[in-house]
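Remarks on the structure that follows.
The values are calculated or read from the model by the stated rules, or taken from the named source; none is laboratory data. In this text, all values refer to a predicted model and were calculated from it rather than measured experimentally. Protein only, heavy atoms only, side chains kept; ligands, DNA and RNA dropped before computing areas. Shrake-Rupley method; radii C 1.70, N 1.55, O 1.52, S 1.80 Å.
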Amino acid sequence: QFYNLIDDIDELSESEKIALLDNTEALLNAGSLSMADYLYVLKRFLQDPHPLVFLPTLRKVKVIGEEFVGEGNRGAFAAFIDQSLSERYQDVGIRGRAGDSEATLQLRPQLVRTLGQFGTDETLLAEAASIVDEYFESPAAIQSQLAREALRITALRDDGDRYEQYLQTYLKTASASQKSNILAAMYFDEPEIVLRHLEFSLSDDVQAGDSLAGLSFFTYLLEDHSLLYEWLDDNFDRVVAKAPAYYQPVMPQVLGGSCDRENLDLLKGFFSDRGDAYAPSLAKVIESDEACIARRPRHAHAFEQFLKPYQDG
């Protein structure tokens, strides 16, 4: 009956589809729906032509990928992403078109990001890199949100060679928007670049309000946070001195969200003896990360079952 309902979703209105999407997520979180069934729903909604249905589905798929994809299932998840999104990407494209609706303008950057981050579409990756080069030459020529996501996936797929290009463009540009986009997209994970960029974040070339951006996205990028805490052990006073005062009590949240036991232990060990100011934020991170860590094994088998058909694809 559940699968019949999902197979007949074309009979529903857009608002009913969005409600169904949210309800199935709630059922998953309550333990009343398996991950395989939830992904079946997402797969079906990824075929929906309406951007206002497709876009929230895409966001949920991205969250699943970030939480549950690892070395053993990355290839199968990539095949699922390719099969689910490549046709939509061919329809939408990476460049704005006359007559694009507001929903399409919002959809395009997130489609580029999700397909570029998890898929294997070489054409998209090449087109994103081309967008980056054009954006560096003329920031006004590319929609800002699209530029940011093109910058991110190009950095994600790069071996570090482009870091200098990103950095020098940031230093030379007079565009505040371009500076912001570049600084938010330094998604390079080579250890020497991580350390170099963390140091750069404390320089006079970076505004105080942006100084924690590197720590935030390196926490997101790196599977092992040891390097970050080794650097923080030596530089925490400088980080605190640079960051705006209102950021300092929430520092644990900047470094949280990895859904990994070892990284959570590193975070707890680092902040547990640094005073009461960090305690509320630390407690929130611990609660959230513990819940995420518990979800992984609970849904792992169903996730793998869903991906089985894609293992050779």
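A 1.4 Å probe run over the chain, with the rest of the protein chains in place, finds 48 Å² accessible per residue. Among (i) 37; (ii) 58; (iii) 32, which is the computed percent of Cα pairs over 31 Å apart? Given (i) 37; (ii) 58; (iii) 32, the calculated one carries the label (i). Relative contact order of region 65-202, taken over Cα pairs closer than 8 Å and 6 or more residues apart, is 20 percent. Let me cross-check ASP237: its accessible surface, 1.4 Å probe, with only protein heavy atoms counted, in Å² to the nearest 10? The accessible area comes out at roughly 120 Å². Relative to one another, the C-alpha centroids of region 290-310 and region 204-260 are positioned 29 Å apart.
If a helix is a whole DSSP H run, which ones in the chain reach 27 Å or further along their own axis (Cα) and hold a mean Kyte-Doolittle hydropathy of at least -0.5?
TM-like helix candidates: 279-307.
According to the Cα-based calculation, Rg over Rh for region 218-313 is 1.10, with Rh computed by the Kirkwood formula.
Measuring nothing but protein heavy atoms, the accessible surface of region 200-313 at 1.4 Å probe radius is 49 percent carbon and sulfur.
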